[in-house]
Amino acid sequence: MRSIADLHMHSRYSRATSERMSVKEIARFAEIKGLNLVGTGDFTHPKWLKELHETLIPESDTNLYKPIEIPESSVRFMLTTEVSTIFTFENRVRKVHHVVLSPSLDIAVQVNERLSTFGNLSSDGRPTLNMSAPHLVEEVISVSNRNVIFPAHAWTPWFGIFGAFSGFDRMDECYQDMTKHIHALETGLSSDPPMNWRLSMLDHFTLVSNSDSHSFWPWRIGREANVFELERLSFDEISDAIENRDQERFKFTIETDPAYGKYHWTGHRACNVSFSSEDARKLGNRCPVCGRTLTKGVEQRVEELADRPVGFKPENAIGFRRLLPLSEIIATFLGVDSPSVQKVWSVYDSLIAKFGNEYSVLLDVPKEALSSVVDEGLADGIVRVREGRATVVPGYDGVYGQLVLSGERPANSVLRGRVEQRNLTDFMQ
């Protein structure tokens, strides 16, 4: 049975999160997306944990949960959370985010009891803890060795384990003697497996992909995910497949094009400038407009740590597929400013009504079948994304990348909602 899992998202108790991020809404939109399994997110928040007790019912022998309000739903929930640790290492303040997966509400309660000593769990769905990364792992694993923990969005400049501003150069620098309990690494929107494969030190870690969604909309939820082939969906099957990098059960990850991520290229949003890693180095990482330090992008940070050439693939690596949300593809094709407008959803709903869910449309449905429902140009655009023939104007310094279906940059749609950024060529003329 194919199972598609998004194990990292947030409840409405996290900052900058939709008020509609409830169990019922997450389950409803996860089914539209084509997800079988989603993380609850934020189980460390006392009010959300109380809601999880009230709105989820355990499924027999799987250590997963069903939504009480939608008993017919095929979506299952796993107890998950994200926490932020702040600590000093080698005279530098380090800020690293981590994802925790737990097999039961009872164990989640025990994790909260341990972690409440190190920070105010009620302050945010993703609490800030005054403890080191290895200490966090020690506390979580001491509650239950079935708990799973791994670094979140590993390359994000400010809060990734390899982040340019407060991260580390090696996994074992961060987790020290607790590294033996870390079996996975979350790629985040701005990196993908080929970028991570360039670092030999990551060969022993399974690469996982999740949305880190703060919104229930399908262009946020499930925009990155993990695809498993399991006889039975359960917590232990998922955690074991990840820990052992089992290619028979863990088939591939779904990745957005890393250029779509908000921190892929180096740049400065305030001055509308963005640069490839090579061009940023030529500028000494200084903004040519204001002279301030540029926000170093993930591409440049990977280059700094890589010990392998572009294109290297390690043995026994889990596969991946690059996709972009269907609503983004439709919005780009229609040339509208936002995927949330009714014009987009009318087209989206027609495809879901015919083919069942978004992932079926993105991954499986032939072009001819798509063309029977929507404009042939849109059907071609969906297939272009599926086959990696679309391009993305890279995101930078908190600005999302922009999909270009044609492979060119048409004036009417390439940067909808954005001011076109300048690059090195603009300053050499």
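The values are calculated or read from the model by the stated rules, or taken from the named source; none is laboratory data. Source: prediction; values computed, not measured. With ideal geometry, Cβ positions are generated from the backbone for all residues, glycine too; neighbour counts draw on all protein chains shown.
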Can we say PHE252 is of a type outside the set (A, V, I, L, M), within 21 Å of THR206 (Cα to Cα) and crowded, with 19+ Cβ neighbours inside 10 Å?
no
Among helices (runs of 4 or more DSSP H) completely within region 348-409, the ones holding 2 or more residues that are within 17 Å of ILE32 (Cβ to Cβ) are 358-363
What number of residues within region 104-155 are among the small types (Gly, Ala, Ser) and buried (at least 22 other Cβ atoms within 10 Å of the Cβ)?
5
Scanning for something out of contact with any helix residue (DSSP H, G or I) (no Cβ under 7 Å at 6 or more places or on another chain), over 28 Å from CYS174 (Cβ atoms) and modelled with pLDDT of 95 or more, does region 84-98 turn up at least one residue?
no
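Looking at region 380-419, which of its residues are touching a Lys or Arg at 6+ places or on another chain (Cβ under 9 Å), modelled with pLDDT under 90 and over 18 Å from PRO339 (Cα atoms)? Explain how you work it out, then say what you get.
Here is the first cut: in region 380-419, the ones touching a Lys or Arg at 6+ places or on another chain (Cβ under 9 Å) are 380, 382-383, 385-386, 388, 390-391, 393, 395-402, 405-407, 415.
From what's left, modelled with pLDDT under 90: 405-407, 415.
Listed by number, the residues that qualify are SER406, GLY407.
Suppose the filter is on the phi < 0 side of the Ramachandran plot and assigned by TED's automatic domain parsing to the domain that holds SER190; does THR253 pass it? Before you say what the answer is, go through the steps one by one.
Working: on the phi < 0 side of the Ramachandran plot: yes; assigned by TED's automatic domain parsing to the domain that holds SER190: yes.
Yes, satisfied.
Could you tell me whether any residue of region 276-284 is exposed (fewer than 14 other Cβ atoms within 10 Å of the Cβ) and without any contact (Cβ under 8 Å) to a residue 40 or more places away in the chain? Quick ask: steps written out before the conclusion?
At the first step, the residues of region 276-284 found to be exposed (fewer than 14 other Cβ atoms within 10 Å of the Cβ) are 278, 282, 284.
From the residues that got through so far, the ones that are without any contact (Cβ under 8 Å) to a residue 40 or more places away in the chain too are 278, 284.
Yes, region 276-284 has at least one match.
Would you please name the residue that is nearest to LEU403 (Cα to Cα), looking only at residues in region 337-362 that are of a type in the set (Val, Ile, Thr) and surrounded by 17 or more Cβ atoms within 10 Å (Cβ to Cβ)?
Of region 337-362, the ones of a type in the set (Val, Ile, Thr) are 341, 344, 347, 352, 361.
Then drop every residue that is not surrounded by 17 or more Cβ atoms within 10 Å (Cβ to Cβ), which leaves 344, 347, 352, 361.
Values: VAL344: 15, VAL347: 18, ILE352: 21, VAL361: 18 Å.
That would be VAL344.
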